[in-house]
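Reviewing the structure listed below.
The values are calculated or read from the model by the stated rules, or taken from the named source; none is laboratory data. If you're wondering where the values come from, they're calculated on a predicted model, not measured in any experiment. Because the Cβ atoms are built from the backbone with ideal geometry, glycine has one as well, and the counts that use them run over all protein chains shown.
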Amino acid sequence: MSATKISLRDVHKSFGTNSVLNGIDLDIAEGTVVSLIGPSGSGKSTLLRCINLLEPIDDGQIFLDGIDISVPGFDANPVRRRIGMVFQNFNLFPHMSVQDNITLSPIRTLGVNKATARAKAAELLERFGLADKVNAFPDQLSGGQQQRVAIVRALAIEPEVLLLDEITSSLDPELVGEVLDVVRELKTSGMTLVLATHEMGFARDISDLVCLLDGGHIIEQGLPSQVFSAPQSERAQQFLERIIRAGRL
Amino acid sequence: MGTITGRRAAYERARKRRSTVVAAVSSLAVVTAIVVLVPKMPRWDRVHESFFNGERFANSLPRLLDAFVLDVKIFAWSMPAIVVLALIVAITRNSRSAALFPLRILTIAFTDIMRGVPIILWIYLIGFGVPGLGIDRPWNSPLIWGSVALVLTYAAYIAEVFRAGIESVHESQRAAARSLGLSSWQTMRHVVLPQAIRRVIPPLMNDMVSLQKDVALVSLIGPIEILRQAGIDKSKFANFTPYIAAAVVFLLITIPLTRTTDWLIERERRRTTGTRIS
């Protein structure tokens, strides 16, 4: 069993009167793939945003390598350089070329010189089949290409963990495959991945741990075979039945 | 296949020809109406003599161009100051840090007060008031303090333009930048501002053209720039043609300025975007 990379202890988060996370406990081991599944509004995305410190939590603790990163006033920028994030809507910077999107953070936050950053970007683009897009602008790319660029951008700062927030939900079905292939490759390379997803088949195949969220709680947690084939709680059974009936599993 | 492409091209050509003809005919009609009808007015000969006198025009133009150099100078040193001050005000007002709360209040008061008073009044108040404090030369020049009045009022207007631009950049862009470890200032500088400024260039140019003309207001407190020079010539020769000449000089600057900006915006748009809806 490898070391615990990220732990969540009794994490609470609400927006006004709407409480989104109601006591999340989760341990993410180094080098594993953890999938967060569950209905829309169950708190998957919020959980990822909290881990990335984009949202301050109301209560509880978040540890990265045993250090509590959720204490108020903790410097978030170095943490975010260790925990990359990819978004549902890509969020590429439209005024920058692919190359500039990728090299911005390495140059500005890691102090890498321009030539090194560009060489590294070229290498990553090559690895994910995007070598010819280095000078393109985001608006000139397909959704699948944009999302792959967004993944490359997150990888360019060499994070230890990558958070993937429904990264295929905005894509046409025929473009989903190319993005999921990238995620498979990342798993092979040994990166710690946490993904919020509606791609149940994919989650079952790739995950080491699956968490089913509902109403801000983790209602079922375990190996994919266990969660998808023999869910314990009634609520989990209902959710999976609906998924199966919709042909998503 | 070939015939369909051919037919489409022919259709596009016909459509283009038709709109060109419509544009040409309508413009011709308007111009003809003015050229034919205006001279038929009863006092046209007198207006022609006192506003469109070729001799007076040629006589005044060199003096006006000389005086216009001062307008260009005031514009040239005011504009960068305005942009910098407006950006500082807009960024301060958009900052989310609690520590900057007093500064935010200050910027709100600044925009409200500067925009709420006519610009001519500010030119009088600052242009006469500050030198009146007894500052030594050359710092008591009305030219300097008139420009300061222009800078402060225009910065208040343009800060609001920048603020609208900054607020138009979607929150998800900030989230992406912050998730990459950029600080909030780096996010503003490299991600938000470049997009915000691109979006507000058209209204910004609008204000720049406006500033280019309002520079003439500084003449109210003394400096002889083009408007004042035109007024002097008008009085000397009892003829209004110098004003027409001054108007022409202003147009010679403002029209190329706006055309160039439109061209730059279009070039940038074409560089960064994919397909375009016609």
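Scanning region B:225-267 for residues that are farther than 14 Å from B:Leu65 by Cα and among the polar types (S, T, N, Q) returns B:Ser235, B:Asn239, B:Thr241, B:Thr254, B:Thr258, B:Thr260, B:Thr261. Whether any residue in region A:172-181 is modelled with pLDDT under 90, closer than 27 Å to A:Cys50 by Cβ and not aliphatic (A, V, I, L, M) is what I want to check. The answer is no, given that none of the residues of region A:172-181 is modelled with pLDDT under 90, closer than 27 Å to A:Cys50 by Cβ and not aliphatic (A, V, I, L, M). Note on region A:1-55: enclosed strands (runs of 3 or more DSSP E) holding 2 or more residues that are among the aliphatic types (A, V, I, L, M) and more than 20 Å from A:Thr168 (Cβ to Cβ) are A:4-15, A:18-29. Highlighted here are the helices (runs of 4 or more DSSP H) found entirely within region B:85-201 that include at least 1 residues which are farther than 26 Å from A:Thr109 by Cβ and of a type outside the set (Ser, Thr, Tyr): B:101-116, B:119-129, B:142-168. Restricting attention to region A:154-170, the residues that are closer than 23 Å to A:His198 by Cβ and not aliphatic (A, V, I, L, M) total 5. Within region A:203-217, the set of residues being surrounded by 21 or more Cβ atoms within 10 Å (Cβ to Cβ) and not polar (S, T, N, Q) comprises A:Ala203, A:Val210, A:Cys211, A:Leu212, A:Leu213, A:Gly216.
Residue-by-condition table, conditions (1) touching a residue at least 12 places away in the same chain (Cβ under 8 Å); (2) farther than 30 Å from A:Asn77 by Cβ; (3) not charged (D, E, K, R):
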| site | (1), (2), (3) |
| --- | --- |
| B:Trp122 | yes, yes, yes |
| B:Arg137 | no, yes, no |
| B:Ser147 | yes, yes, yes |
| B:Leu152 | yes, yes, yes |
| B:Ala164 | yes, no, yes |
| B:Ser172 | no, no, yes |
| B:Ala175 | no, no, yes |
| B:Arg178 | no, no, no |
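Does A:Met85 satisfy the criteria of being part of a strand (DSSP E or B) and of a type outside the set (S, T, N, Q)? Yes: the conditions hold for A:Met85. Applying a threshold of 9 Å to beta carbon distances and a minimum spacing of six or more residues, or different chains, the list of pairs starting in region B:223-239 at a residue that is on the phi > 0 side of the Ramachandran plot and ending at one that is among the hydroxyl-bearing types (Ser, Thr, Tyr) reads B:Ala238/B:Ser50. Every listed requirement among (1) on the phi > 0 side of the Ramachandran plot; (2) without any contact (Cβ under 8 Å) to a residue 12 or more places away in the chain is met by A:Glu126 save one, (1). Report yes if some residue within region B:167-179 is touching a Lys or Arg at 6+ places or on another chain (Cβ under 6 Å), buried (at least 19 other Cβ atoms within 10 Å of the Cβ) and within 14 Å of chain A (Cβ to nearest Cβ); otherwise report no. Yes, region B:167-179 contains at least one residue that is touching a Lys or Arg at 6+ places or on another chain (Cβ under 6 Å), buried (at least 19 other Cβ atoms within 10 Å of the Cβ) and within 14 Å of chain A (Cβ to nearest Cβ). Of all the listed residues (B:Ser26, B:Ser60), the sole one being part of a helix (DSSP H, G or I), polar (S, T, N, Q) and at pLDDT 90 or above is B:Ser26. Residue selection: A:Phe128 fails the criterion of being within 9 Å of chain B (Cβ to nearest Cβ) and either surrounded by 18 or more Cβ atoms within 10 Å (Cβ to Cβ) or at pLDDT 95 or above (or both).
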